[in-house]
Amino acid sequence: MMFGALAVIVFLFLVSDCHSKSIQQQNVSVDETQDERIFALESTIKKLEIIVQNVTKSKDKSEQPVMFYAKIANRDFTLQTLSTVVFETVILNIGEYYDKYDGIFVAPRKGVYMFSWTVSIQGSKYAVTELVVEDKIISTSGNTDTAGGIHSASMTALCNMDKNEHAFIRTANHGSANDFYSKPVHPQTSFLGMLVYDEK
């Protein structure tokens, strides 16, 4: 958008410059006229570059949105109790506050955050998970006592977070092995979060 505006400004500058030169009928050589235009264009471009840099620098990071969505794309696996679930396939990560390598989201600022996650399993296996902020369990979701087929369960929760606090999904202290099944043609295990109220 900014470069389109720059092109329009340069075009208008050239047109107006040619028009003014023809009216004034100045007796200058073609080379001198071209040099003047090139110098004027370079000056204009430098001024515009400074404007663009100032606009870019003025974007306050504290006003940028915070949101992420990640999933487990194509695998089935087992986790023991109290193990962090890592959602390795990132679809959206505005601000880069979710880490696809350890499955942890770090709050960039104090506020109210919304989290939602889905757990999928196959057959008569089970998986129970919980949303944890620091050491506090916020909510729990999962599947137990199922028989055959593909099953999924979802949960959405709101919670307060301070700056630099950690939020993640882990297996709950239920039974022993938690068996996840996340395939493209079935409901996938996923995790999303966003800042919904900024407490400045």
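The values are calculated or read from the model by the stated rules, or taken from the named source; none is laboratory data. Since the model is a prediction, treat every value here as computed from it, not as a measurement. Ideal geometry is used to build each Cβ from the backbone, glycine not excepted, and the neighbour counts take in all protein chains shown. SASA here: full protein model, heavy atoms, side chains in, ligands and nucleic acids out. Shrake-Rupley method; radii C 1.70, N 1.55, O 1.52, S 1.80 Å.
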ask   = Is there a residue being of a type in the set (A, V, I, L, M), part of a helix (DSSP H, G or I) and at pLDDT below 70 anywhere in region 31-50?
value = no
Ile150 vs (1) surrounded by fewer than 17 Cβ atoms within 10 Å (Cβ to Cβ); (2) farther than 22 Å from Val66 by Cα; (3) out of contact with any His (no Cβ under 7 Å at 6 or more places or on another chain): all pass except (3)
Can you confirm whether region 107-124 contains a residue that is more than 19 Å from the chain's Cα centre (by Cα) and open to solvent by 30 Å² or more (accessible area, probe 1.4 Å)? yes
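Please determine, by comparing only the residues of region 73-87 that are under 11 Å from Thr189 (Cα atoms) and modelled with pLDDT of 95 or more, which one is farthest from the chain's Cα centre (by Cα). Quick ask: steps written out before the conclusion?
Filtering region 73-87 for residues under 11 Å from Thr189 (Cα atoms) gives 73-76, 85-87.
Now restrict to residues that are modelled with pLDDT of 95 or more: 85-87.
Values: Val85: 19, Val86: 17, Phe87: 14 Å.
Result: Val85.
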Cβ pairs under 8 Å, 6+ apart or interchain, first in region 157-171 and over 15 Å from Asp135 (Cβ atoms), second among the basic types (Lys, Arg) and open to solvent by 10 Å² or more (accessible area, probe 1.4 Å), ordered by first then second residue, are Lys163/Arg109; Lys163/Lys110
Checklist entry - Would a scan of region 82-100 turn up a residue that is in contact with a helix residue (DSSP H, G or I) (Cβ under 9 Å, 6 or more places away or on another chain) and within 20 Å of Glu134 (Cβ to Cβ)? => result yes
When region 174-185 is checked residue by residue, the ones that are more than 20 Å from Val133 (Cβ to Cβ) and either outside any strand (DSSP E or B) or within 22 Å of the chain's Cα centre (by Cα) (or both) are Gly175, Ser176, Ala177, Lys183, Pro184, Val185
Flagged pairs (Cβ under 8 angstrom, 6 or more apart or on separate chains; first in region 88-106, closer than 20 Å to Asn160 by Cα; second modelled with pLDDT under 95 and open to solvent by less than 50 Å² (accessible area, probe 1.4 Å)) are none
Picking from Ser116, Ser120, the residue that is modelled with pLDDT of 85 or more, within 16 Å of Ala167 (Cα to Cα) and either polar (S, T, N, Q) or in a helix (DSSP H, G or I) (or both) would be Ser116
